[in-house]
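Here is the structure we will look at, set down as structure tokens.
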Amino acid sequence: MIGIGLALLLTPTRATGDAALPQITVRPLAQPPTIDGRIDEAEWAGTVRNVGLCSQHNMELGAREAIFWVGADAANLYLAIRSELPPTGDLLTRGVPDGERDVIAALHDDSIELVVHPHLGATAGDRRYFHLIVNARGAMFDRSFDEANPNNAISTVWRLKEWQFANELADGWWNVEIAIPFPQIGATAEDLEHPWGLRVCRNWQREWDQSRWESVTAAYEDLPTMPRVAFDADAPVVQVLGLRAEGKPRIALAVGNPGAAPAEVEVSLSDTWSRNPPAEFTRTMRVPAGGREEVAFEPPHGGPEGAHRTVIRIARPGAVFPLYVRDFSWRLERPTERWTTTREDRQAVQLQYKVYPYYRKLKARVAIESLASRDNVTGADLTLVKVGGPEPLARARLAFQDFAAETILETPELAEGDYEVRVTLAGEGVPTEPVIGKYERRVFPWESNALGLSERVIPPFTPIKVEGNTLSTVLRDHALSGAGVWEQVSSLGRPLLKGPMRWRVRSAGAQAPVTAGRLRVESARPHAAVTVGSFTADGAEATVRSEWDYDGMAKVRVTLAAAPGKQIEGLSLEVPLDEAQMPYMHACGDGLRFNHAGLTPGGEGPIWDSSQANRTNIVGTFYPYVWLGGGERGVAWFADSDKGWSLDDTTPTVQLERNGETLTLRVNFITRPTALDQAREFE
């Protein structure tokens, strides 16, 4: 049963607008449902049944119907969601599964969204909770949150791998069934002794809405507003059957008792229409062993001008946690027009484009994966037109491969004004109306001039100075090696490296000796400088060119010379940092609010690599930015892209390793056998 720590939950948690948060008690199932996407009511009879999800727009139950079930056994959390389909009987599913990568497109599809917190209220041990979004194709966007990690609570690396998901579209409904094994979310038998947090959401398209279990507007990761789910092996099972019948309010529910002894429950229903006094219904029910009792309440209704606020509370006498609590508003009359499907086919055609007026080019990508008639598409016509203009300014014929096409169009110089990028599909039975994207060309006063460009060193920055192999910028000195990298860097008079930076080259299955060349200063001016170094290793030759700015940033370009018949298996740069001066770390991917920003990971040996770092759209193992340092000093490495690199699919590009007083930052540019038949360049 439930521990004494739940006494505080005897009074239902309150949410915004004085609405009680949903609370349910789940009885472990003796026989789990079959996860096949069909939602057999008999299979889900032992789970808690709920009717309706609250619209994001007004926190009333949405006009589009939804029903959901929540259950569990000793090993899995079970959920089923049945939601209304549009008159066309289909869904928007533009996102397609992509291995273990997050599919951002799933966020813009009809989807199910869950937040599961099996460790709610924990102050030690595993404190993670989990957020996932999945569309009808199984394309998923998932992540975990760790309350115990002050440096970076979010992990986009986490994956819900071993789970069951099945769905079908039938009889006007989208039926979804889910089973989440407890080990996948770090849940143990002990976690069943306290309530969990659970959000159940349906994301709708045509028109867009996010609907949820609770009637409160809050971020999905907001823990205080999460509905609560408790587990009790002796609990009766509550199922809400409906809210309306024959055009009238009729709040119907059932209480089942799978146990071997009779169960007594107290039912309290309250319904308020508009500003009328509440109509109330209470009953104490004695449910026989193995039995089921139903009850219905028909409150008064004053017409479509007002909404109902319904409060359902079901509990066992003297119990700490209720069997069922839900406090919500809803309207009896449902609008006739609940969907906007006239734009469906155009929404199913994805048009992505960029206009580059300086280069006089238009780059476009068209995808038709989610178009119902995609197999009939024989091509498409892409045009750029000036709004109100007589003729297209540029045109291309698109041929699709794997239901996608890309092209780059040459355009004339675009005068200021409004333009449209249009795609018209060809083929029998395909949409005939063009998909249109808009572009506004504005000519700004600062275009095509030198305003803001200066070679002046702006105080408090100081001019660059070069003496021998030492290049100095504001508050720091860089001692450079013949290999084009740093032998040492001092900031505010304090050295940051434990030894020189070094190139690592792997050739013929072993580490090859690296021989540095001679440093050359190509240019040195107060605001900018260029230094050039080089190195050789087992027949491979490289030039390392650094372009310095007066703020201390160096843009480094490495060129591997062509060596026909030669290949190398690895190329890395190692930066041996002074451990004592690197207490903090910032690793930044391609998103906001999910990057590591805090203490440098502890431990000896390998302590971190970029496979552990968060990302969304970055493809492969590339990672763009890592900073290590303290309150006044630090070293940052960053790159725009992995163009010119040669990477396998598994080796992290950035690695951290601690050995005593040395913290080594390693950047891997080549991680697979790579022929040097032609020159290779990267930055």
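Listed here are the residues, each with its yes/no results for (1) in a loop (DSSP other than H, G, I, E, B); (2) of a type in the set (A, V, I, L, M); (3) touching a Leu at 6+ places or on another chain (Cβ under 9 Å).
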{"site": "ARG395", "(1), (2), (3)": "no, no, yes"}
{"site": "THR407", "(1), (2), (3)": "no, no, yes"}
{"site": "PRO412", "(1), (2), (3)": "yes, no, yes"}
{"site": "VAL421", "(1), (2), (3)": "no, yes, yes"}
{"site": "ALA450", "(1), (2), (3)": "yes, yes, no"}
### Query
If you go through region 510-523, how many residues are assigned to a strand (DSSP E or B) and surrounded by fewer than 16 Cβ atoms within 10 Å (Cβ to Cβ)?
7
### Task
Return the pairs, sorted by first residue and then second, in which the second residue is modelled with pLDDT of 95 or more and of a type in the set (S, T, N, Q), the first residue lies in region 497-512 and is under 18 Å from THR559 (Cβ atoms), the beta carbons are less than 6 Å apart, and the residues are 6+ apart or on different chains.
ARG504/SER572
### Task
Keeping to region 130-150, report how many residues are over 14 Å from the mean Cα position of the chain (by Cα) and either modelled with pLDDT of 90 or more or assigned by TED's automatic domain parsing to the domain that holds ASP649 (or both).
7
### Query
Mind checking whether some residue in region 363-381 is among the β-branched types (Val, Ile, Thr), at pLDDT 95 or above and farther than 24 Å from LEU91 by Cα?
no
### Task
Go through region 83-112 and give me each residue that's part of a strand (DSSP E or B) and crowded, with 21+ Cβ neighbours inside 10 Å.
SER83, SER111, ILE112
### Task
Within region 324-351, track down each residue that is at pLDDT below 95, of a type outside the set (D, E, K, R) and within 31 Å of the chain's Cα centre (by Cα).
TRP339, THR340, THR341, THR342, GLN347, ALA348, VAL349, GLN350, LEU351
### Query
What about SER370, is it of a type in the set (Ser, Thr, Tyr), under 30 Å from HIS108 (Cα atoms) and assigned to a loop (DSSP other than H, G, I, E, B)?
yes
### Query
Would a scan of region 514-530 turn up a residue that is polar (S, T, N, Q) and under 24 Å from ARG666 (Cβ atoms)?
yes
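If you take the residues of region 67-82 that are of a type in the set (Val, Ile, Thr) and under 25 Å from the mean Cα position of the chain (by Cα), which of them is surrounded by the fewest Cβ atoms within 10 Å (Cβ to Cβ)? Before you say what the answer is, go through the steps one by one.
From region 67-82, those of a type in the set (Val, Ile, Thr) are 67, 70, 81; that's our starting set.
Checking which are under 25 Å from the mean Cα position of the chain (by Cα) leaves us with 70, 81.
Details: VAL70: 22, ILE81: 24.
The extreme case among them is VAL70.
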### Task
Having 3 or more residues that are surrounded by 15 or more Cβ atoms within 10 Å (Cβ to Cβ) and either at pLDDT 95 or above or not polar (S, T, N, Q) (or both) is the bar; report the strands (runs of 3 or more DSSP E) wholly within region 602-683 that clear it.
605-609, 625-629, 634-638, 654-659, 662-670
### Query
THR536: assigned by TED's automatic domain parsing to the domain that holds LEU665, out of contact with any Leu (no Cβ under 9 Å at 6 or more places or on another chain), assigned to a strand (DSSP E or B) and β-branched (Val, Ile, Thr), yes or no?
yes
#### Entry: Verdict on ASP191 being under 34 Å from the mean Cα position of the chain (by Cα), of a type outside the set (Val, Ile, Thr) and more than 19 Å from ILE314 (Cα to Cα)
yes
### Query
If the Cβ limit is 8 Å and pairs must be 6+ apart or interchain, which residue in region 546-574 that is not assigned by TED's automatic domain parsing to the domain that holds ASP677 pairs with which residue that is aromatic (Phe, Trp, Tyr) and crowded, with 17+ Cβ neighbours inside 10 Å?
none
### Task
Examine region 545-557 for a residue that is surrounded by fewer than 18 Cβ atoms within 10 Å (Cβ to Cβ) and more than 30 Å from VAL474 (Cα to Cα), and state whether such a residue exists.
no
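Does region 73-85 include one or more residues that are charged (D, E, K, R), in the same structural domain as PHE141 (by TED's automatic domain parsing) and under 30 Å from VAL349 (Cβ atoms)? Working first, answer last.
Of the residues in region 73-85, the ones charged (D, E, K, R) are 73, 82, 84.
Narrowing the set further to residues that are in the same structural domain as PHE141 (by TED's automatic domain parsing) leaves 73, 82, 84.
Keeping just the survivors that are under 30 Å from VAL349 (Cβ atoms) gives 82, 84.
Yes, because at least one residue in region 73-85 is charged (D, E, K, R), in the same structural domain as PHE141 (by TED's automatic domain parsing) and under 30 Å from VAL349 (Cβ atoms).
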### Query
How many of the residues in region 85-99 are farther than 24 Å from VAL366 by Cβ and either in contact with a strand residue (DSSP E or B) (Cβ under 9 Å, 6 or more places away or on another chain) or without any contact (Cβ under 8 Å) to a residue 60 or more places away in the chain (or both)?
2
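In this structure, does ALA483 turn out to be assigned to a loop (DSSP other than H, G, I, E, B) and in contact with a Lys or Arg (Cβ under 9 Å, 6 or more places away or on another chain)?
Yes; evaluated as a whole, the condition is true for this residue.
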#### Entry: Members of region 539-580 found to be of a type in the set (D, E, K, R) and assigned to a loop (DSSP other than H, G, I, E, B), listed by number
ASP551, LYS566, GLU569
### Query
Among the residues of region 430-445, is there at least one that is small (Gly, Ala, Ser) and either part of a loop (DSSP other than H, G, I, E, B) or farther than 30 Å from LEU371 by Cβ (or both)?
no
### Task
Determine the pairs where a residue that is farther than 22 Å from PRO249 by Cα, located within region 280-300, has a partner that is loosely packed, with under 14 Cβ neighbours inside 10 Å with Cβ atoms under 6 Å apart, the partner being 6 or more residues away or on another chain.
ARG286/PRO262; ARG286/GLU264; PRO288/PRO262; ALA289/ALA260; ALA289/ALA261; ALA289/PRO262
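The values are calculated or read from the model by the stated rules, or taken from the named source; none is laboratory data. All values derive from a computational prediction rather than experimental measurement. Backbone-built Cβ (ideal geometry, glycine too); neighbour counts: all protein chains shown.
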